[in-house]
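Read-outs throughout are calculated quantities, based only on the coordinates presented, and are distinct from any laboratory measurement. All of these numbers come straight from a predicted model, not from anything done at the bench. Neighbour counts run over all protein chains shown; Cβ positions are idealised from the backbone, glycine included.
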Amino acid sequence: FNETSGSTVFDYSGFGNDGSLNGGVTQGVTGVDINDGLAYEWDGGSDNDDYIRANKDFSPTNITAIAFAYPTDVTSDRHRIFAGKTGSANSEIALGFSDDSWNWEIKTGSSTFTKLNIGSPLTGQWRCVAGTYDNSANEINFYIYEKDGTLVTESSKSADNSFGTFKYIEIGKY
């Protein structure tokens, strides 16, 4: 997230998975004590239209999602930091928080749902949240770190999920 203007968020990995900004996302927010002092900020509205989306077909077998988050409001029901969807509401991965816990969710089909809730999100504190899905071990893992890398808490759970082709990834949709 190095951009400070425009509607494209560039993928600097070389894989061409650029994203597009939607809704109330502010680029180049300064005064942040990570990532060279720049960040993106979501307006926190309940209109469900503030996100970055990369449209890309991919079929994951193993998944890792990592993000730094700085909650300013934890009173509403669900905040997604990261989500991937197959195009239907029946299959998704989601990393985020609710009013009482950090959440890592894997859902496939209409009946297979695996979720880990750990820790409590605190307003005004940076946290690094990381969720993994290991297909060969049939396990999901979830980790919460301080911004300095100190592990706060972790949890794991058996999961027997398999995915179809994901159609897009979204970052920051309430």
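At-a-glance table
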| item | result |
| --- | --- |
| At R0 = 22 Å, FRET efficiency that the Cβ-Cβ distance of Gln125 and Thr26 yields, to 0.05 | 0.65 |
| Label-point gap, in nm, between Ile118 and Asn135 - each point 7 angstrom along Cα→Cβ | 2.3 nm |
